Amino acid sequence: MKRIFEAKKFKKSLLALSAFALIGMGGMFASCSNDSGDDSSGTGLTNEQIDEDDPSKTGGDDDSDDSDYVDVTGEKTSTVTAESDENADIQIVMCGDSIMRTYSAAEGDETGWGQVLQFYFDTGVYVNNAYSNGGRSSKSFYYEDGRWNKIKEILEERKNAGKKTYVFVNFGHNDQKYSGNGSTFMNYATFAKENPDGWADVTYTKESNVIDSYDPSTAPDNGTYKDFLQKYIDETKALGGTPVIFSPFVRCDVSNGEITEKGAHNLTTAYSDESAARGNYAEAAKEIAEANDVAFVDITSLTRAYVNTAVAANKHKFVYWPTDNTHVRTLGALKICELAVTAMKEISSLSELTSHLQTPDSRILVDTSSLDFGRMYPGNNAVKSFKVSAFNATSGKITITAPKGYTVSLSESDGFAKTLEIDTTADYFGDDVYIKFEPTAVTDYNYNLQVTHTSITPDFGNSPVGSLSGNILLVALTGAGKQKTEGGTDYTVTWPMIDSSKAVCYTANVDPEGTVSPSVATISSGLKESTAKADYVNSKYRSRFCSNKSEGWPGEKTDDMYIEFKLPAGSANVLVNQITLQLATSGTGNMKWDVLYSTNDDFSSPVTIVQGGMGTALDKDGATSADAKDCLATVASEADMAMSIAGKTLTVRVYPYMKSADTNASRCIMVGDVVIEGLVQ
């Protein structure tokens, strides 16, 4: 298998950067705002607060030549690997939050800088990023079982083996969490230097949304951000390791075209019920490092200058994750690493480590592997987009070639053509590429869009499975022209998924009876029934399903965890007009789901209804709340699909998974009514 995003010299696998697809990324934020977040541990905050966290038939009247696009599948690439040996003489152990952690395949290519750091080191250094995770602060990471205590075990083992270990400490985002309602924010929050509010004297109780294995009532003290950095320094040195302190990466909080002091983690205004401002976290990190004569890397200042340049060019959306102004894309993670290792070269105490540095390959990054345009009447059109960006690609051209039925442009509204060329210069960040689908016939248009560069093979970054054909990156485009239909009998199939005794019911109701004959719903081996629970919206009991795996929930869609609904058409001409489902997360705020359908018996070439969906965040009073569970969200296909399934069986699947892997198998997906509506002719 051809590797993409590959370091040249590495020999044993370490870093899995699984692939990602962002379906239709047009309309993403075009400017920075004050709403940032690392919310992976579940503390909801307002805008005034710091919130971190089958290749197809040809057919049709199109006069273009599609011979280059039919049946071009290429090699499937599902895992992107940087390689090194965990038994290397030098190991870097990463301690950090969501900006550092390793992400599985994700929409929008969200990536942690610890995830790509291995690309900057040869095989003499092993980067261990197994312990960083979203939502962690310098305080919670220290006390949470399975994080700092495990790293200390590694330090001790390597000390006894006479091997060198560096500990990279990078916190700050979640230390700034705030809530005035007595929530668990104090399990995470710190002041930068001095704590005027006496938090160390507060008696804590374990609450439902606290990190599972961390009970702050057992913590001997709480302390400030500076205090906890001191603990990491002292305990690393005591176990023979070398600590390196990093200040936090800037948030994209902008005023007058530049990152603000708040964006640079200098909080100068007190929260409403605190007696003083939290202070300057970057400055505190520098002071504690200098006081202990340990290496310090000012990521805050370095990334502030870089992001200011991106903001000036209106290109910051190629650095940051699309849903907030805190987390980063693959490009952003690579740049953090580049800035960090460049600074480390100037620190004499790190010379042994930096002697192993190498320059990673240049990158052309495409942030989607597929786009689904659905079905539409000939003569209509739809536009979707993806992002292409560049890392250290200072020259050459990117060429994007559209297949039959599609055209491309750098504008959402005009300039569409079969081919698009983009120059990559030293100051090139990236572009939004728009694809227009214009069916001319009632047929499928399932082809591949091609992306090439003059000298660099493009890759998908941290993206879901995609394909390469030689040095051509392929983006799978799916769409179809549909026929208007008249006459017939309307039908509705409903799987209520629960009976009057609150037990899971897999049998569907049909209105009117006899029009179609749906199969009973099924669950795959990876799921099992859980107790029913009432939803927040109308207190009606709904079925729930939890993991049937000993390891709990995966952090990405897996083939053995789904709920399935089938509608066989038999010999009748059955049309499907819409598929609607009611889904919710239950017992957690971090569950996601993919909903797909197929008319092939082996569920091949499925069409996506939603990818990475999550429940509506409402509390019992109808107010917005990031902590709300059991609030049904409606997931629906396009209206008026007019899709004939004559002689076939329509299969709909719901694949639940977690935002990140979770060992708690009892967390659930809640399922309400699942409805298929259509026409029998």
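Overview of values
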read-out	value
Top-ranked residue of the range 634-648 - restricted to ones that are in contact with a Leu (Cβ under 7 Å, 6 or more places away or on another chain) and open to solvent by 10 Å² or more (accessible area, probe 1.4 Å), ranked as nearest to MET591 (Cα to Cα)	VAL635
Close pairs (7 angstrom Cβ cut-off, 6 or more residues apart or separate chains): aromatic (Phe, Trp, Tyr) in the range 545-561, surrounded by fewer than 19 Cβ atoms within 10 Å (Cβ to Cβ) and part of a loop (DSSP other than H, G, I, E, B) anywhere	TRP553/ALA661; TRP553/ALA665
Residue that is most open to solvent (accessible area, probe 1.4 Å) [pool: residues in the range 359-370 that are farther than 30 Å from VAL607 by Cβ and touching a strand residue (DSSP E or B) at 6+ places or on another chain (Cβ under 7 Å)]	SER362
Tabulated pairs, the range 268-293, first within 24 Å of ASN170 (Cβ to Cβ), second in a helix (DSSP H, G or I) and among the aromatic types (Phe, Trp, Tyr), C-beta under 6 angstrom, 6+ apart or interchain	TYR281/TYR225; ALA284/TYR225
Residue count, the range 465-516 (criterion: in a strand (DSSP E or B), under 30 Å from VAL433 (Cβ atoms) and either open to solvent by less than 20 Å² (accessible area, probe 1.4 Å) or in contact with a helix residue (DSSP H, G or I) (Cβ under 8 Å, 6 or more places away or on another chain) (or both))	10
Conditions (1) at pLDDT below 75; (2) more than 24 Å from TRP321 (Cβ to Cβ); number of the one not met by ASN209	(2)
Given (1) closer than 24 Å to THR478 by Cα; (2) surrounded by fewer than 24 Cβ atoms within 10 Å (Cβ to Cβ), number of the condition ALA426 does not satisfy	(1)
Within the range 357-387, considering residues that are of a type in the set (S, T, N, Q) and not in a strand (DSSP E or B), the one farthest from THR454 (Cα to Cα)	ASN380
Some residue of the range 397-410 being out of contact with any Gly (no Cβ under 9 Å at 6 or more places or on another chain), within 28 Å of ALA312 (Cβ to Cβ) and outside any strand (DSSP E or B)	yes
GLY114, sole failed condition from (1) buried (at least 24 other Cβ atoms within 10 Å of the Cβ); (2) in a strand (DSSP E or B); (3) of a type outside the set (A, V, I, L, M, F, W, C)	(2)
Filter result for ASN590 (open to solvent by less than 50 Å² (accessible area, probe 1.4 Å) and more than 20 Å from LEU650 (Cα to Cα))	yes
Among (1) assigned to a loop (DSSP other than H, G, I, E, B); (2) in contact with a Cys (Cβ under 6 Å, 6 or more places away or on another chain) - the single one CYS546 does not satisfy	(1)
Scan of the range 168-206 for residues that are modelled with pLDDT of 50 or more and at positive phi, ordered by number	GLY172, GLY198
Selection count where residues are out of contact with any helix residue (DSSP H, G or I) (no Cβ under 7 Å at 6 or more places or on another chain) and either open to solvent by less than 40 Å² (accessible area, probe 1.4 Å) or among the aliphatic types (A, V, I, L, M) (or both), scope the range 371-402	18
Residue tally, condition surrounded by fewer than 20 Cβ atoms within 10 Å (Cβ to Cβ) and either at pLDDT 95 or above or in contact with a helix residue (DSSP H, G or I) (Cβ under 9 Å, 6 or more places away or on another chain) (or both), over the range 313-336	3
Top-ranked residue in the range 228-256 [being closer than 25 Å to GLU194 by Cβ and of a type in the set (Val, Ile, Thr); ranked as surrounded by the fewest Cβ atoms within 10 Å (Cβ to Cβ)]	ILE233
Within the range 437-463, tally of residues that are surrounded by fewer than 21 Cβ atoms within 10 Å (Cβ to Cβ) and more than 21 Å from ALA642 (Cα to Cα)	5
Residues that are under 29 Å from the mean Cα position of the chain (by Cα) and modelled with pLDDT of 90 or more, drawn from the range 525-541	SER525, GLY526, LEU527, LYS528, GLU529, SER530, LYS533
Residues that are open to solvent by less than 30 Å² (accessible area, probe 1.4 Å), farther than 19 Å from TRP113 by Cα and of a type outside the set (Lys, Arg), drawn from the range 267-291	LEU267, TYR271, GLU274, GLY279, TYR281, ALA284, ILE288, ALA289
Criterion violated by THR522 - all others in (1) modelled with pLDDT of 95 or more; (2) open to solvent by 80 Å² or more (accessible area, probe 1.4 Å) satisfied	(2)
Hey, THR624 open to solvent by 50 Å² or more (accessible area, probe 1.4 Å), more than 20 Å from the chain's Cα centre (by Cα) and at pLDDT below 85 or not	yes
Breaking point among (1) under 30 Å from THR443 (Cβ atoms); (2) part of a strand (DSSP E or B); (3) of a type in the set (Ser, Thr, Tyr), for THR531	(1)
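Each row is one residue, and each column tells you yes or no for (1) assigned to a loop (DSSP other than H, G, I, E, B); (2) at pLDDT below 95; (3) in contact with a Leu (Cβ under 7 Å, 6 or more places away or on another chain).
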{"site": "GLY263", "(1), (2), (3)": "yes, no, no"}
{"site": "ALA270", "(1), (2), (3)": "yes, yes, no"}
{"site": "ASP273", "(1), (2), (3)": "yes, yes, no"}
{"site": "ALA282", "(1), (2), (3)": "no, no, no"}
{"site": "ALA285", "(1), (2), (3)": "no, no, yes"}
{"site": "ALA289", "(1), (2), (3)": "no, no, no"}
{"site": "THR300", "(1), (2), (3)": "no, no, no"}
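One line per residue, one yes/no per condition, for (1) modelled with pLDDT of 85 or more; (2) open to solvent by less than 10 Å² (accessible area, probe 1.4 Å); (3) in a loop (DSSP other than H, G, I, E, B); (4) not aromatic (Phe, Trp, Tyr):
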{"position": "VAL595", "(1), (2), (3), (4)": "yes, yes, no, yes"}
{"position": "SER604", "(1), (2), (3), (4)": "yes, no, yes, yes"}
{"position": "GLN611", "(1), (2), (3), (4)": "yes, no, no, yes"}
{"position": "THR616", "(1), (2), (3), (4)": "no, no, yes, yes"}
{"position": "ALA628", "(1), (2), (3), (4)": "no, no, yes, yes"}
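The values are calculated or read from the model by the stated rules, or taken from the named source; none is laboratory data. Only a predicted model underlies this, so the values are computations on that prediction, with no experimental measurement involved. Cβ atoms come from the backbone with ideal geometry, glycine included; neighbour counts cover every protein chain shown. The area values use the complete protein model at the heavy-atom level, side chains included, leaving out ligands, DNA and RNA. Shrake-Rupley method; radii C 1.70, N 1.55, O 1.52, S 1.80 Å.
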